[in-house]
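Here's the structure we're looking at; comments come further down.
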Amino acid sequence: MKHLFLLVIILISQLTFAQTNPYAEVVNYYNSEKNFNGAVLVATNGQIDYLAGIGVSNRQSGTNMSPKTKFKIASITKTFTAVLILQLYQQGKIDLKANFGKYFPGYKGEAKDKVTIEQLLTYSSGIPNMVENLGMRPYQEPLTLDEFIDKYCSGNLVFTPGEKSYYSNTEYTILHKIIENVSQKSYARLLQENILTPLKMENTGLLNSKDIIAGLTSSYTIQDSTKQITSDEPHFIENYFGSAAMYSTVEDLLKFNNAIFDYSLFNEATTELMLKPNTKLDGAALGGLWYSDGYGILNKPFIYRTGGLLGSCSNWIHSIDDKKTIIVFNNTDGTNLYEFSEQLYLVSTGQKATTPSIKKQENSSNAQNLDQVKGTWQLDLRPDPNSEPYLKDFILTPTKDKEFEGEFYGSKFTGGYLNTDWENIYFAFTTGDKDNIYYHSGYITNNKIYGISYSEGRKFTSHWTGIKK
């Protein structure tokens with residue numbers, strides 16, 4: 001018993017260190033209090049400072065998030081589309097000042113000979129956003145690219161081209177067609193050849209509703225009136241084309257981010273053109289993103305790109321001066337991802353996050369605490385954070401006083417111990433086989449369990465997490 005408690009102290013100290021990691025504190029807060037279920041990456045000068053996945057990826061199966069989880073990145077797709085256009089420009093195949101009808105002679109709308117490629121890139125075309133008030137209907141019937149453009153992207157101009165910037169998917173759907181016309185290749189093929197393969201972005205691609213993408217998270221919408229979390233409304237993701245139909249991981253997006261700033265995608269002059277903001281158009285840049293001199297906590301110049309498609313929400317920020325990159329993907333809408341990114345930025349610059357502390361749990365009685373821990377927990381026992389989820393049940397049954405018994409990883413045990421005197425509920429127990437003893441400890445908070453296991457004989461230590469079934 002003395003040996004067990006010595007190990008428990010060591011293991012709990014490791015857990016406490018992980019729990020008090022300033023990045024982890026911010027992430028845990030937004031997971032517990034703000035419905036964040038996703039992946040987070042913070043980097044300095046292209047090198048990862050913090051990488052994590054937290055929350056539930058699939059609520060039907062209970063699969064947990066991983067840093068490797070793939071997400072629908074929605075309108076971040078537009079920056080990939082802009083890069084393909086600018087590559088064609090650098091190759092002398094597209095004139096940004098030319099009316100786009102030169103490259104899309106079959107276009108049926110008024111804008112054909114009045115709107116330039118540059119105006120398409122900066123949402124300043126004046127082409128009406130015809131899907132704006134139609135909800136999901138345009139995305140719930142299978143349409144080819146030409147059919148979608150004819151039906152929803154060919155209306156008469158509603159303002160003078162270049163007069164103002166009015167955000168919509170319309171321009172980037174047209175740009176998708178222009179890319180295919182000029183390159184004589186499919187968008188997906190050119191994307192693969194020009195960006196994904198050279199940058200080794202192996203977990204990124206264009207989505208089609210018929211495809212099965214291993215590791216792609218489901219996404220969920222929070223109903224405004226009931227606050228109930230429901231599955232996203234069904235739709236054909238491919239109808240978003242070059243405006244919002246891609247998937248990726250936070251690590252892959254960092255590769256794309258780095259390639260922009262080290263001139264791997266095109267030369268320095270084209271990169272500057274891509275990032276240069278048009279002050280008359282709300283800071284819109286030709287790269288399908290925006291520039292800001294500073295906003296809120298982020299008081300230095302930065303470029304940013306957001307994405308939102310039902311429950312799939314994403315935020316990508318790169319600060320120009322201190323070269324901080326913050327990428328946050330979420331599969332459940334309702335989290336203010338810019339605010340979240342601000343807090344991560346504070347930590348990345350050595351400052352203290354300003355999120356309120358998570359309310360301490362009131363331990364009114366040991367009986368209440370024991371009710372909280374009793375039952376079956378679904379654990380993610382992956383060997384390291386970069387592995388795929390590996391789910392097992394942990395059955396925990398309080399017996400008397402602060403003792404418990406149960407089953408862990410298929411091994412039954414007795415003599416477990418609970419400590420309900422602290423802010424969180426801590427536990428310790430052992431399991432074994434004929435050759436080794438395994439020591440386990442951890443804590444339970446907000447219906448989540450965090451643990452660590454150690455085997456002296458097998459020389460390993462592993463961390464795990466779980467949720468109540």
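Looking at this model, which pairs from K402/K468; K70/K108; K280/K300; K68/K392 are more than 25 angstrom apart at the alpha-carbon? Intermediate results must be reported in sequence, preceding the final value.
Values: K402/K468 20 Å; K70/K108 37 Å; K280/K300 20 Å; K68/K392 20 Å.
Among K402/K468; K70/K108; K280/K300; K68/K392, the Cα-Cα distance tops 25 Å for K70/K108.
Per residue, how big is the convex hull of the chain when only Cα atoms are used? Give it in Å³.
It comes to 157 Å³ per residue, whole-number rounded.
Per DSSP H run of at least 4 residues, take -39500 (n - 2.57); add these up for the chain, divide by its residues and hand me the 222 nm value, nearest 500 deg cm²/dmol.
The helix-only estimate for the chain comes to -7500 deg cm²/dmol at 222 nm.
Within region 386-411, find all residues whose amide N lies under 16 Å from a label point positioned 7 Å from the Cα of N436 along Cα-to-beta-carbon.
Residues 408-411 fall inside that zone.
Evaluate E = 1/(1 + (r/R0)^6) for K185 and E147, where r is the Cβ-Cβ distance and R0 equals 25 Å; express this FRET efficiency to the nearest 0.05.
0.75
Which is farthest toward the positive dipole end of the chain among I195, G334, L418, measuring Cα position about the Cα centre, with Cβ charges +1 (Lys, Arg) and -1 (Asp, Glu)?
L418
Could you pull the Rg and Dmax for region 71-348, using just the Cα atoms, both in Å?
My reading of the Cα-based Rg and Dmax gives 18.0, 54 Å.
Of L310, N64, V131, which is farthest along the charge dipole of the chain in the positive direction, counting Lys and Arg as +1 and Asp and Glu as -1 at C-beta?
The residue sitting farthest along the positive end of the dipole is N64.
Assuming 0.36 nm per residue, please report the length gained on full extension of the stretch K468 to E233 beyond their Cα-Cα distance. Could the numbers behind the result be given before it?
Numbers: separation 235, 0.36 × 235 = 84.60 nm, distance 2.67 nm.
Full-extension gain reported as 81.9 nm.
Give me the dipole magnitude in Debye, nearest 20, for region 365-468 about the Cα centre, with unit charges on the beta carbon: positive for Lys and Arg, negative for Asp and Glu.
Dipole magnitude for region 365-468 comes out near 100 debye.
Please get the size of the charge dipole for region 71-348, origin at its Cα centre, with Cβ charges of +1 on Lys and Arg and -1 on Asp and Glu, quoted in debye to the nearest 20.
Result for region 71-348 is approximately 400 debye, rounded to the nearest 20.
So, in Å, what gap is there between the alpha-carbon centers of region 408-465 and region 244-296?
46 Å
From the residues S243, L344, G466, which one has its Cα farthest along the dipole of the chain in the positive direction, the dipole being from +1 and -1 charges on Cβ of Lys/Arg and Asp/Glu about the Cα centre?
G466
Quick one: dipole size for the chain, taken about the Cα centre, charges +1 on Lys/Arg Cβ and -1 on Asp/Glu Cβ, in debye to the nearest 20.
Value, rounded to 20: 260 debye.
The numbers here are math on the coordinates, done by the rules we state, and not lab data. These figures come from a predicted structure and were not determined experimentally. Note that we place each Cβ from the backbone using ideal geometry, even for glycine, and neighbour counts take in every protein chain shown.
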